[in-house]
Amino acid sequence: MAPMAFILGGICGTFSAVFSWLLFGVSLWGAAQVYFAVGLTVAAVLIVVAMVSPRKGAKSSHPKKSAGMQRA
């Protein structure tokens, strides 16, 4: 999930930096700061959401042992 989060964060950061630079007149340095701030924030939120939400179809942490494994 982390690579996808960083890619989506970079895309969101790029759009917000370009919009803030062209539409709101932010300087180039300000647009670079917006890019990094938004990109890292989006990536961090996506990673935290992926860590907190339970996986669907994931095995439990204590799988049942078969009868043959218990005898050994």
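Read-outs: derived from the displayed coordinates by stated rules, not from any lab. What you see is a predicted model; the values in this text were computed from it and never measured.
Taking 0.36 nm per residue of sequence separation and subtracting the Cα-Cα distance, how much length would be gained by fully extending the chain between L40 and K56, in nm to one decimal? Show your work: numbers first, answer last.
Numbers: separation 16, 0.36 × 16 = 5.76 nm, distance 2.66 nm.
Net length gain for the segment: 3.1 nm.
Tell me, what HN-Hα J-couplings in whole Hz come from the Karplus equation 6.51 cos²θ - 1.76 cosθ + 1.60 at θ = phi - 60° for each residue of region 26-40, using x for Gly and Pro?
These are the phi-based 3J(HN,Hα) values: 6, 5, 5, 5, x, 5, 5, 5, 4, 4, 5, 5, 5, x, 6 Hz.
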